[in-house]
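Input: a single structure, listed below in structure tokens.
Where a number appears in this text, it was derived from the coordinates with a stated rule and is not lab data. Here the structure is a predicted model, which is why all the values come from computation and not from measurement. Positions of Cβ are generated from backbone atoms using ideal geometry, with glycine treated the same way; all protein chains shown enter the neighbour counts.
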Amino acid sequence: MSCLSLLFLIVGISGACSGFKICAFNVRNFDIAKSTNYRVMHTLTKVVSRCDICLLQEVKDVQGKVVKALVGSLNRYDDHYHYKSVASGGLGSKPNDTDQYVYLYRNETVEVKDKYQYADKKNAFSRDPFIVRFQAKATEIEDFALIPLHTVAIEATNEIDQLYDVFEEVKLKWKSTQVMFLGTLNAACGYMTGKDKANIRLFSNPGFYWLIGDKVDTTVRAISNCAYDRIVVHGQPFLKAIKPYSAKVFNIAKEYKLTVDKALEVSDHFPVEVELKIKSSGQIQAQFQPVLLIAITVVTYVLDILPFTSAV
């Protein structure tokens, strides 16, 4: 390859991006026993490897062994990316309830800027949100907070409404309204009706956009057809940073040719996902111009001296 060709290749790579995907997956009782199931772990690895950030719910792993095993599997699965994790403590209203929120994220594309466990003074949540602020410089939104929620179904209306108070706290704490809510909200099939929406501030107050619609089925079993799992963003800037029509369910049974029984070994929910727009190649090249110039200089020098070093 000529020096000129290699330089063009570097410039092309610096402006090339394949998209930025955020996912949420209720993995249903993901504990030590489940993590020893090779089929389950292999499927989970494939699912999460598609995402730059993936929120897992119903993780039962206060000792950290299950998440460590999954992160190890992810990092062996794809040499191009290196995953890290950040997890809440055990949550839940029952003494022995150890449900956790766990974020898995690609270290190359995203950085954790801050995090905190929401203190629920009203006892409104069965599993208090564990909020993480991320920075993804290649995306058009760049800086945003993720607020997860896994409701108790019969309390879904009240819990979803209380997310507005969490939003207000995040806005005050981080001086930002760039927020995404995601998780198993149980916002469907009798747990949240059309009449209930009037009592939910994420519906009645302006500026909140529900990206997974009411008629979408996020469940594995054929007997149910419910939009339990949702993604909601706040504000026009965040909405404009979303790739159109990218918010959807990822049907693991269809995509990986699994029987219903095999899919249910993983979860009774399907993952939901959305893509953020990536900055234009010109914006990215300008952002990384100093690094690019150094790389070009080094490559040019190496190629110039290579014939001489090879002849010695």
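Things worth noting here:
- Å³ per residue enclosed by the Cα convex hull of segment 18-278: 123 Å³
- Positive-end ranking of L185, Y105, I131 along the dipole of segment 18-278, with charges on Cβ about the Cα centre, is headed by Y105.
- Hits among aspartates and glutamates - C-alpha to C-alpha of K171 under 15 Å, sequence gap 8 or more where chains match: D114, D143
- Cross-link pairs beyond the 20 Å C-alpha cut-off, checked among K34/K68; K68/K243; K60/K84: K68/K243
- Phi to ³J(HN,Hα) by Karplus 6.51 cos²θ - 1.76 cosθ + 1.60 over segment 190-195, Hz, x for Gly, Pro: x, 7, 9, 9, x, 5
- The coefficient of translational diffusion for segment 143-271, derived via Stokes-Einstein from the alpha carbon Kirkwood radius under 25 °C and 0.890 mPa s, stands at 158 µm²/s.
- Averaged over residues, the count of other Cβ atoms within 10 Å places the peptides 254-261, 129-136 in the sequence 129-136, 254-261, highest first.
- Whether segment 152-203 is rounded, prolate or oblate, judged on the alpha carbon gyration tensor where a/c under 1.5 counts as rounded: prolate
- Inter-label distance for N123 and Y81, nm, one decimal - labels placed 7 Å from Cα along Cα-to-Cβ: 4.1 nm
- Surface/4 of the Cα convex hull for segment 38-155, nm²: 8.5 nm²
- Whichever aspartates and glutamates have a C-alpha closer than 20 Å to that of K197, once near sequence neighbours (fewer than 8 apart) are set aside: E155, E159, D161, D165, E168, D214, D217, D229
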